[in-house]
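Trainee: Here it is, the structure in full.
The values are calculated or read from the model by the stated rules, or taken from the named source; none is laboratory data. All values reported here derive from a predicted model rather than from experimental measurement. Note: ideal-geometry Cβ built from the backbone for every residue, glycine included; neighbour counts use all protein chains shown.
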């Protein structure tokens, strides 16, 4: 495919040593940041959940706080729920919410925002939420 395309002006594609790959984002997130994470697996994203995600996104506690949704599909759904140690095979989304800031005084605010976002954005019906504990 690369042979069929014009040569790029800047080309960083190629083999990369593992330590270089592991340090790619080191400048983006310096040492010493306060972090609070929450995750969940969900089956559906009803309109109310999307509205809640948008409302909480408008109140990010910092520019580097975020919410990620990762699709869960493919082979994971073709195995029986008890076939492996992971029992959330009926999930269709993995949700990760993270509050991040460099100021230790904001730790409580990060925790509250992250927990509130998770609690209010996750569908609470038995058909929508998959509890892992």
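Trainee: Sort through 69, 60, 54 and tell me the only one that's under 16 Å from the mean Cα position of the chain (by Cα), assigned to a loop (DSSP other than H, G, I, E, B) and within 15 Å of residue 118 (Cα to Cα).
Mentor: Criteria check complete, one pass: 60.
Trainee: Under 8 Å between Cβ atoms, which residue pairs at least 6 apart in sequence (or on different chains) link something in region 11-40 that is on the phi < 0 side of the Ramachandran plot and surrounded by 10 or more Cβ atoms within 10 Å (Cβ to Cβ) with a partner that is assigned to a loop (DSSP other than H, G, I, E, B) and modelled with pLDDT of 85 or more?
Mentor: Every condition considered, the pairs that remain are 29/64; 33/64; 33/102; 34/102; 34/103.
Trainee: Of the residues in region 1-25, how many are under 29 Å from residue 64 (Cβ atoms) and at pLDDT below 80?
Mentor: 3
Trainee: Which residue out of 20, 3, 13 is more than 30 Å from residue 86 (Cβ to Cβ) and in a loop (DSSP other than H, G, I, E, B)?
Mentor: Going through 20, 3, 13 in turn, just one is more than 30 Å from residue 86 (Cβ to Cβ) and in a loop (DSSP other than H, G, I, E, B): 13.
Trainee: Restricting to region 88-106, name every residue that is under 26 Å from residue 50 (Cβ atoms) and either without any contact (Cβ under 8 Å) to a residue 40 or more places away in the chain or part of a helix (DSSP H, G or I) (or both).
Mentor: Listed by number, the list holds a single entry, 89.
Trainee: Based on what the data block shows, is residue 49 within 14 Å of residue 119 (Cα to Cα), at pLDDT below 90 and not in a strand (DSSP E or B)?
Mentor: Considered against the rule, which asks whether it is within 14 Å of residue 119 (Cα to Cα), at pLDDT below 90 and not in a strand (DSSP E or B), residue 49 comes out as yes.
Trainee: Limited to region 56-85, what total is found for residues that are farther than 28 Å from residue 30 by Cα and surrounded by 13 or more Cβ atoms within 10 Å (Cβ to Cβ)?
Mentor: So the count comes out to 2.
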